[in-house]
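Colleague: Below you will find the structure I want to go over with you.
The values are calculated or read from the model by the stated rules, or taken from the named source; none is laboratory data. If you're wondering where the values come from, they're calculated on a predicted model, not measured in any experiment. Positions of Cβ are generated from backbone atoms using ideal geometry, with glycine treated the same way; all protein chains shown enter the neighbour counts. Heavy atoms of the whole protein, side chains included, go into the accessibility calculation; ligands, DNA and RNA do not. Shrake-Rupley method; radii C 1.70, N 1.55, O 1.52, S 1.80 Å.
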Amino acid sequence: MTRAFRWPPRHAPGFPAGCADAGDVLAHLARTRHASVTLAVVTSALRATVEQSGDHEQGLVRVRRSLAELGRAAGAPWHPSYYGKDLVLVRPGEHGPVDAHAPTSGIRHGSAWEHVPLPAGAEARLAALLRACYAVSMAARAVRDRPESRGRGRAADVLAAVPGRLSDEGCAALLAGVLVRPSGGSRAVRGAGPGEDPRLPGVPSADAWPAYAQQYGQHGKFAGRGPAHYVVTDVHDIEWGTVVRHPSPRPSPSPRPGIDGRRTAGNAHLLLPLAAAWRSGTLPTPVVLRRAHGLRIRRESLLVEHLRALGDGGGAAGGRLFAALGDGLCGLVTDPDALRTAVYAANARTAGQLHSGAGVAEVTGAFGAAELRAAAGRAQFALHVTKTLKASTHEARAYQEFGRPLDAAAGETAVAFLRELYERGPGARGGHHLAHAVRHRDHWRRHLPPTATARFDGLMELVVG
């Protein structure tokens, strides 16, 4: 079985050169004899950056560059390491908050820190570090999302104030919003092999994606199997689950998957009972964090299984998909029909739990960087089509090819979804889908049937004024 963590540390996928994987660094420190460490986490406002950039991949690039700048500023004594959209800094002994100058990127960050006593035994020490990483990451998010917050918060103080400041839903979202990476480490957990994402064993790393795309461009076609199709996938509503448009007349109060009018469960939805106990004072913060951490590990394990199935499907479709987008994949395939079958199969494997949509666009013209970027934009639009239909029964809720018009029923459902977002008003959950539709309204007009175009145009007039 492949080891979960390694030394020297692997590169953190998607980050600039010289950025070490957080799991490997923490596992290495767990094997030392230090009695305690000071652990700090810097997180970033990814969604806001993506909306500002108008592109998910570019938003990720900007976020990760800014975190790398902060890590370099902190210096070697803090052992900077990275995962997802977070920078992890850990230093043996008890110290104050890390003194790192903010980057000039304009990206909103939040940071928190804590002293972490380490027990005896390498496995117990690693488990303590992993739990602390989860807690401090959560505190960093709480600091990031408070406009009135300044400076760096000590995690225990930040988290103690959360139940009195947020609703049950807000607490659940905070508990669910942290990637459980680093995760694993036990002998029963399979580690990532060569070329795989350290957080997602069995899924190709984002680091291999640029070279793969370049190789594809040099050869034009793989074994004469047809032109390249750019693919992007994303798990729909990973935090709150997908609520069906016409729920059962007598929904159960249970948050179990497939119940309570939901097609899929969500990480935050499953944590609502725990969040309510936290806010009411029924459970103290350390107990809440320990239980939430266990639930998050189980959900992250399910995500790995889901993404691995999608990735295997990319191989069956004459190409390869890479873990370049957090809870989604991107890559190239030659057989979109085989990919569609693979997406349906992956969704069936995690039915009631996780459901992905896939957007696909043919790479047209001479294969090069410009053509690839253009195809990526078209595929991302097609992915957003699946997001507007995620709560419906239409086939396009799981798979959409750019240029393939929606039928009348799917078109009406898509416009109704966007209209509902508009009527909820500014700040409503999911409002970024409406902002995306405004930016890409010409694409929408191309894909909507004539019966829905007039209503879409009327909605756009209301939105843009």
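Colleague: To the nearest 0.05, how large is the calculated FRET efficiency for THR341 and LEU302 if R₀ is 30 Å and r is the Cβ-Cβ distance?
Modeller: According to the calculation, E is roughly 0.90.
Colleague: Run the numbers for TYR212 and TRP7: contour at 0.36 nm per residue of separation, minus the present Cα-Cα distance, in nm.
Modeller: Here the answer is 71.2 nm.
Colleague: Counting only DSSP beta bridges with both residues in the chain, what percent are antiparallel, rounded to the nearest 5?
Modeller: Close to 85 percent.
Colleague: For the chain, what is the accessible area per residue in Å² when the probe is 1.4 Å? It would help to have the intermediate numbers written out before the result.
Modeller: On the way: 19780 Å² over 465 residues.
With all protein chains present, the chain gives 43 Å² per residue.
Colleague: Could I ask something else about it? Could you tell me what % of all Cα pairs in region 376-419 have separations over 16 Å? Spell out each step's value before the answer.
Modeller: Values: 242 of 946 pairs.
The share of Cα pairs beyond 16 Å in region 376-419 comes to 26 percent.
Colleague: When the helices in the chain are scored as -39500 (n - 2.57) per DSSP H run of 4 or longer and the sum is shared across all residues, what 222 nm value do you end up with, to the nearest 500 deg cm²/dmol?
Modeller: -14500 deg cm²/dmol
Colleague: Let me ask something else. Test of understanding: what is the full-extension gain from VAL287 to ALA409, defined as 0.36 nm times their sequence separation minus their Cα-Cα distance?
Modeller: 39.1 nm
Colleague: Go through region 282-293 residue by residue and turn each phi into a ³J(HN,Hα) via Karplus (6.51, -1.76, 1.60, θ = phi - 60°); whole Hz please, and just put x for glycine and proline.
Modeller: 5, 10, x, 4, x, 5, 4, 5, 5, 5, 5, 4
Colleague: Before anything else, pin down the relative contact order of the chain: Cα pairs under 8 Å, at least 6 apart, normalised by residue count, whole percent.
Modeller: On the way: 878 pairs, mean separation 60.1, N = 465.
Value for the chain: 13 percent.
Colleague: Need one word for region 17-123: rounded, prolate or oblate. Basis is the Cα gyration tensor (sqrt eigenvalues a ≥ b ≥ c); a/c below 1.5 gives rounded, then a/b vs b/c decides.
Modeller: Judged from the Cα gyration tensor, region 17-123 comes out prolate (a/c at least 1.5, a/b above b/c).
Colleague: Would you kindly state how much longer the chain becomes between ALA73 and ALA35 on full extension, computed as 0.36 nm times their sequence separation minus their alpha carbon distance, in nm to one decimal?
Modeller: Working it through step by step, the gained length comes to 11.1 nm.
Colleague: Sticking with this structure for a sec: Taking all protein chains in place and a 1.4 Å probe, what share, in percent, of the accessible surface of the chain do carbon and sulfur account for?
Modeller: 53
Colleague: Could you tell me how many degrees, from 0 to 90 and to the nearest 10, lie between the Cα long axis of helix 56-74 and the main elongation axis, the longest principal axis, of the Cα atoms of the chain?
Modeller: For helix 56-74, the angle is close to 20 degrees.
Colleague: Normalise the Debye intensity by I(0) for the chain, one equal point scatterer per Cα, no solvent, then take log10 at q = 0.10, 0.12 Å⁻¹ and round to two decimals.
Modeller: -0.75, -1.09
Colleague: I've got another one for you. Tell me, what HN-Hα J-couplings in whole Hz come from the Karplus equation 6.51 cos²θ - 1.76 cosθ + 1.60 at θ = phi - 60° for each residue of region 156-164, using x for Gly and Pro?
Modeller: 4, 5, 4, 6, 5, 8, 4, x, x
Colleague: So, one more: What is the calculated FRET efficiency for GLU371 to ARG446, with r their C-beta to C-beta distance and R₀ = 22 Å, to the nearest 0.05? All intermediate terms of the calculation are to be shown ahead of the outcome.
Modeller: Details: r = 19 Å, r/R0 = 0.87.
With a Förster radius of 22 Å, E is 0.70.
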